[in-house]
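Enquirer: Dropping a structure here in structure tokens format, bear with me for questions.
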Amino acid sequence: MTLQALFSKKHRRFLKQQAPGQSTSLSHLAWHRFCRNRLSVASLVVIGLFVLVAILGYLVTPDHTPYCNQQYLELATLKPGSRATFLCYDPVDKPGGSFLTGKPLPYTALPVASCQTEADSMHVVPIAGEPFTIARERVVKLHERTFLLGTDAYGRDVLSMIMIGSRVSLSVGFIAVLIALLIGITLGALAAYHGGWVDNLITWLINVVWSIPTVLLVIAITFALGKGFWQVFVAVGLTMWVDIARVVRGQVYSIKEKEYVEAARALGYSSFRTIFRHILPNITGAVIVVAAANFASAILLEAGLSFLGIGVQPPMPSWGTMVKENYSYILLDSAYLALLPGLAIMLLVLAFMLLGNDIRDALDIKS
């Protein structure tokens, strides 16, 4: 069967409409089908925005301090859009930061109700505490700040914590999926290509890991490795490779007897070269779809671990931790404190699930 015969009539008409010299490869057709789906583009835009915020980090957050952990107990549970005036005084030399780690405030910031300037001093009425007078040379500035999404019970900026929390979710998803791909592709390809006792052994291992509930396995690995940021990566990655291994094993089984694989064997190519240069490139589409779904699962697992208190540890902001700290407000008038990070989790997971489905549809030449 020729390549042209694989395309539907719609794609054949699309090929005829292309300008001379324009690419008509399978990848070009897949990209064209992907872009025609509005949900595909919308999910890609949502993921791109989250990735951009995670990369820029403290450059775009309203709170530039490390972990966005600047606390103002006087401003606890402010409503979204609330404004507060800060008196910044007593400058100090603190080590500089970056967009990766944040930068501590180089002065003391105090929420105030009012300030009255006199000759060489300033009379300050703080929101909490007794009024006092401060010399003007100690004052750095007086500025007003808007909390777009309000503050939590510790007076921290909710928007900043959600923005930095995207780093944790995306990092866990990326590293965990990378670990799962390395393990799953290797074991699945070896099992299907060699068969025999190798296939039986790897299949037995896959079934054993598959039979253990994922959440319980992640919790067990987390307890064994300890609580922390990097431990979550490893724990989630070590539990997600079975999906990829099963898919890769089935795909390799279906194409390992093809003519080009037999030709590679006849030419004396090693098993490693035959698998990774001639077989795996032809199952990339299926692997991408599974990886996108696993990315969404990794985000949910990380949020669940953080909610249980065995994932990312404070003061590092995490969407799951934010839900845990504020779920008691759901029955009160500050339910947004738990709903906003939950909405962020829902949007990112939904975007990855839609992206995986749309990639599958775009790469399905039979449809």
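The values are calculated or read from the model by the stated rules, or taken from the named source; none is laboratory data. Every value quoted in this text rests on a predicted model; they were computed, and no experiment measured them. Note that each Cβ is placed from the backbone with ideal geometry, even for glycine, and that neighbours are counted across all protein chains shown.
Enquirer: Would you pick out the residues in the range 317-363 that are touching a Lys or Arg at 6+ places or on another chain (Cβ under 9 Å), part of a loop (DSSP other than H, G, I, E, B) and either at pLDDT below 90 or assigned by TED's automatic domain parsing to the domain that holds Gly102 (or both)?
Expert: Asp333, Ser334
Enquirer: Which pairs turn up if I take residues in the range 133-155 that are charged (D, E, K, R) and look for partners that are in a loop (DSSP other than H, G, I, E, B) and surrounded by fewer than 16 Cβ atoms within 10 Å (Cβ to Cβ) with beta carbon separation below 6 Å, at least 6 apart in sequence or on another chain?
Expert: Qualifying pairs under 6 Å: Arg136/Asp120; Arg138/Asp90.
Enquirer: For Gly228, which of the numbered conditions (1) under 25 Å from Ile47 (Cβ atoms); (2) under 21 Å from the mean Cα position of the chain (by Cα) fails to hold?
Expert: Of everything listed in (1) under 25 Å from Ile47 (Cβ atoms); (2) under 21 Å from the mean Cα position of the chain (by Cα), Gly228 misses just condition (1).
Enquirer: Something else about it: Go through Thr239, Thr321 for me and flag whichever is of a type in the set (Ser, Thr, Tyr), within 25 Å of Cys68 (Cα to Cα) and crowded, with 23+ Cβ neighbours inside 10 Å.
Expert: Thr321 is the lone residue from the list that is of a type in the set (Ser, Thr, Tyr), within 25 Å of Cys68 (Cα to Cα) and crowded, with 23+ Cβ neighbours inside 10 Å.
Enquirer: Which condition breaks for Asn294 when tested against (1) of a type in the set (S, T, N, Q); (2) surrounded by fewer than 23 Cβ atoms within 10 Å (Cβ to Cβ); (3) touching a residue at least 24 places away in the same chain (Cβ under 8 Å)?
Expert: Against the list (1) of a type in the set (S, T, N, Q); (2) surrounded by fewer than 23 Cβ atoms within 10 Å (Cβ to Cβ); (3) touching a residue at least 24 places away in the same chain (Cβ under 8 Å), Asn294 comes up short only on (2).
Enquirer: Let me ask something else about it. Could you please find all residues in the range 242-283 being surrounded by 17 or more Cβ atoms within 10 Å (Cβ to Cβ) and polar (S, T, N, Q)?
Expert: Gln251, Thr274
Enquirer: Enumerate the pairs (first residue in the range 54-75 and closer than 15 Å to Leu100 by Cβ; second residue anywhere and assigned to a helix (DSSP H, G or I) and of a type in the set (D, E, K, R)) with beta-carbon separation below 9 Å, excluding pairs fewer than 6 apart on the same chain, so at least 6 apart or on different chains.
Expert: Here the result reads Ala54/Arg167; Ile55/Arg167; Gly57/Arg167, each pair linking the range 54-75 to a residue that is assigned to a helix (DSSP H, G or I) and of a type in the set (D, E, K, R).
Enquirer: Give the residues of the range 103-121 that are at pLDDT 90 or above and of a type in the set (A, V, I, L, M, F, W, C), sorted by residue number.
Expert: Within the range 103-121, Ala109, Leu110, Val112, Ala113 meet the criteria.
Enquirer: Moving on. Within the group Leu56, Leu87, Leu78, Leu110, which residue is assigned to a loop (DSSP other than H, G, I, E, B) and not assigned by TED's automatic domain parsing to the domain that holds Ile299?
Expert: Leu78
Enquirer: While we're on this one: Filter the range 307-316 for residues that are touching a Lys or Arg at 6+ places or on another chain (Cβ under 8 Å) and part of a loop (DSSP other than H, G, I, E, B) and give the result.
Expert: Across the range 307-316, the qualifying residues are Gly309, Ile310, Gly311, Gln313.
So that you can scan it fast, the table gives a plain yes or no per residue for (1) within 23 Å of Leu363 (Cβ to Cβ); (2) part of a helix (DSSP H, G or I); (3) touching a Gly at 6+ places or on another chain (Cβ under 9 Å):
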residue	(1), (2), (3)
Asp199	no, yes, no
Leu216	no, yes, no
Val232	no, yes, yes
Pro281	yes, yes, no
Ile288	yes, yes, yes
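Enquirer: Does any residue in the range 256-285 that is assigned by TED's automatic domain parsing to the domain that holds Gly188 and within 15 Å of Leu190 (Cβ to Cβ) come within less than 8 Å, Cβ to Cβ, of a residue that is part of a helix (DSSP H, G or I) and basic (Lys, Arg) six or more places away or on a different chain, and which pairs are these?
Expert: Final answer for the pair search is Thr274/Arg265.
Enquirer: So which of Ser114, Ser98 ends up being touching a helix residue (DSSP H, G or I) at 6+ places or on another chain (Cβ under 8 Å) and exposed (fewer than 13 other Cβ atoms within 10 Å of the Cβ)?
Expert: Values: Ser114 fails: touching a helix residue (DSSP H, G or I) at 6+ places or on another chain (Cβ under 8 Å).
Of Ser114, Ser98, the one residue that is touching a helix residue (DSSP H, G or I) at 6+ places or on another chain (Cβ under 8 Å) and exposed (fewer than 13 other Cβ atoms within 10 Å of the Cβ) is Ser98.
Enquirer: Right, here's the next one. In the range 186-209, how many are of a type in the set (A, V, I, L, M) and surrounded by fewer than 13 Cβ atoms within 10 Å (Cβ to Cβ)?
Expert: Count: 1.
Enquirer: State whether one or more residues within the range 145-166 are in contact with a Lys or Arg (Cβ under 6 Å, 6 or more places away or on another chain), assigned to a strand (DSSP E or B) and under 23 Å from Pro106 (Cβ atoms).
Expert: There is at least one residue in the range 145-166 that is in contact with a Lys or Arg (Cβ under 6 Å, 6 or more places away or on another chain), assigned to a strand (DSSP E or B) and under 23 Å from Pro106 (Cβ atoms).
Enquirer: Being farther than 24 Å from Ser271 by Cβ and among the acidic types (Asp, Glu): is that true of Asp157 here? Give the steps one after another, and end with the answer.
Expert: On the way: farther than 24 Å from Ser271 by Cβ: yes; among the acidic types (Asp, Glu): yes.
Spelling it out, Asp157 is indeed farther than 24 Å from Ser271 by Cβ and among the acidic types (Asp, Glu).
Enquirer: Let me ask something else. Taking Gly165, is it of a type outside the set (Phe, Trp, Tyr) and more than 23 Å from the chain's Cα centre (by Cα)? Step through it out loud before you land on a result.
Expert: Working: of a type outside the set (Phe, Trp, Tyr): yes; more than 23 Å from the chain's Cα centre (by Cα): no.
No, not satisfied.
Enquirer: Ok, one more. Which one is surrounded by the most Cβ atoms within 10 Å (Cβ to Cβ) among residues in the range 210-231 that are in contact (Cβ under 8 Å) with a residue 40 or more places away in the chain and in contact with a Ser or Thr (Cβ under 7 Å, 6 or more places away or on another chain)?
Expert: Val218
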